[in-house]
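The values are calculated or read from the model by the stated rules, or taken from the named source; none is laboratory data. All values derive from a computational prediction rather than experimental measurement. In this analysis, Cβ positions are derived from the backbone assuming ideal geometry, glycine residues included, and neighbour counts consider all displayed protein chains. Heavy atoms of the whole protein, side chains included, go into the accessibility calculation; ligands, DNA and RNA do not. Shrake-Rupley method; radii C 1.70, N 1.55, O 1.52, S 1.80 Å.
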Amino acid sequence: MAKRPKPEEIVAKLRQADVLISQGQSVAEAIRAIGVTEVTYYRWRKEYGGLKSGQVRRMKDLEAENQRLRKAIADLTLDKLILQEAAPGKLLSPARRRACVEHVMDALSVSERRACRALGQHRSTQRKVPRGRDDEAALTADLVELAKKYGRYGYRKISALLKAAGWLVNDKRVERIWRREGLKVPARQPKRGRVWDGAGSCLRLRPEQRNHVWSYDFVEARTHDGRKFRMLNVVDEFTRECLAIRVDRKLKAADVIDVLSDLFILRGVPAHIRSDNGPEFIAKSVQTWITGVGAKTAYIAPGSPWENGYVESFNACLRDELLNGEIFYTLKEAQTVIESWRRHYNTVRPHGSLGYRPPAPEVFIPAFISWPAASAKMSMVERPTVH
């Protein structure tokens, strides 16, 4: 089978025929001289007539460029179709990208190479089969159990509890399992706008050591029969420890003095006591009594609860993690449950501002250590929550 001549060769033969015709030969003789049929000659004349070799090369380059542009447009169109097919969700993890690539291959009948290139997935990642760890099932079970028990804890607090229970895990692995299991802490209400002072800043006394600044405040709740009860919360701002929660139907200035006197005897007198301007705190009897034992009062500005942020944060945790999820049928039940939660808050619950350590972990002494040695080697160890 004869090989089709190149465009440059065709133009050369046409030019040869033109030269022969100009010398007086007939068209039929010129066609026989170049060795083609009459039909081929006139087809060539229609396609390449009047062109020179340079123009033919230029036309060839333009055809190649047009072909490249058509292919690029087709590729962009296919990329657009692939991205539209993958558009309903973000592809933030290799697992989701892997599933999306498989879906695109089935829906659009494209190759794995093409789908991976459009979605930014490396082919080795696409083909690699993920291997879970041997302890994945047990860790997931413990994590889900803790999430059920502490419904208002995020993955960071759950991670701290798992570490305390003996798991050697980091926060990233816990977060991956947390997201895979679909766990989520319901969002709280948006914070109110903060009112600053004239200088554009919020100035307050800051705690520098244990027993430097205590703060206290009241929280109200109701039992199942609709009757109110009040809670007096006392917090050490430096250690974030809840020193006491006094629960009763009514709490007056005398009750405030009663709670403070017990704490002063047990823990010593703090340098300052911060509170808002409630009638139980600004009562003359309370101010006189606090001054008489050697402490100082630190009242916040009226209408500025953020200046008492430590106890306000504790109040929010108390309401969010306990009061909103419990029904108290009697006052005695409320006192027992709230005191149990206070001990859990101090000894077990991870605190974000303390590096996810509890404010006051429980102290235990191993049985095989004698008391004189224990007094020198006593250490603070958290109790495991999951076995």
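For the reader, a short list of remarks on this structure follows.
- Of the criteria (1) open to solvent by less than 60 Å² (accessible area, probe 1.4 Å); (2) modelled with pLDDT of 80 or more, which one residue 56 fails: (2)
- The stretch 110-150: number of residues that are modelled with pLDDT under 90 and of a type in the set (Val, Ile, Thr): 3
- All conditions but one from (1) under 23 Å from residue 57 (Cα atoms); (2) among the aliphatic types (A, V, I, L, M); (3) assigned to a helix (DSSP H, G or I) apply to residue 21; the one that does not is (1).
- Residue satisfying condition, being of a type in the set (A, V, I, L, M, F, W, C) and open to solvent by less than 30 Å² (accessible area, probe 1.4 Å), within set 146, 108: 146
- Among strands (runs of 3 or more DSSP E) entirely within the stretch 224-314, having at least 1 residues that are farther than 30 Å from residue 326 by Cβ singles out 272-275, 296-299.
- Every residue from the stretch 146-166 that is part of a helix (DSSP H, G or I), touching a residue at least 40 places away in the same chain (Cβ under 8 Å) and not charged (D, E, K, R): 146, 159, 160, 161, 162, 164
- Which listed residue is in contact with a Gly (Cβ under 9 Å, 6 or more places away or on another chain), modelled with pLDDT of 90 or more and within 30 Å of residue 330 (Cβ to Cβ), from 218, 229: 218
- Of all the residues in the stretch 230-244, those that are surrounded by 20 or more Cβ atoms within 10 Å (Cβ to Cβ) and over 12 Å from residue 346 (Cα atoms) number 5.
- Qualifying residue in the stretch 325-345 (condition: out of contact with any Asp or Glu (no Cβ under 8 Å at 6 or more places or on another chain) and at pLDDT below 90): yes
- Contact map, the stretch 280-299: first residue in contact (Cβ under 8 Å) with a residue 12 or more places away in the chain, second residue exposed (fewer than 13 other Cβ atoms within 10 Å of the Cβ), Cβ cut-off under 7 Å, separation 6 or more or different chains; pairs are 299/277.
- Number of residues in the stretch 346-362 that are assigned by the TED database to the domain that holds residue 236, more than 25 Å from the chain's Cα centre (by Cα) and in contact (Cβ under 8 Å) with a residue 60 or more places away in the chain equals 1.
- Qualifying position, being open to solvent by less than 90 Å² (accessible area, probe 1.4 Å), β-branched (Val, Ile, Thr) and within 19 Å of residue 3 (Cα to Cα), among 19, 27, 36: 36
- Within the stretch 265-280, being farther than 22 Å from residue 319 by Cα and either open to solvent by less than 20 Å² (accessible area, probe 1.4 Å) or among the acidic types (Asp, Glu) (or both) holds for 270, 273.
- Pairing each residue of the stretch 323-337 that is open to solvent by less than 40 Å² (accessible area, probe 1.4 Å) with any residue that is hydroxyl-bearing (Ser, Thr, Tyr) and part of a loop (DSSP other than H, G, I, E, B), provided the two are 6+ apart or on different chains, yields C-beta distances under 8 Å for 328/223; 331/223; 334/223.
- In the stretch 155-167, the residues that are open to solvent by 30 Å² or more (accessible area, probe 1.4 Å) and closer than 22 Å to residue 362 by Cβ: 156, 157, 163, 166, 167
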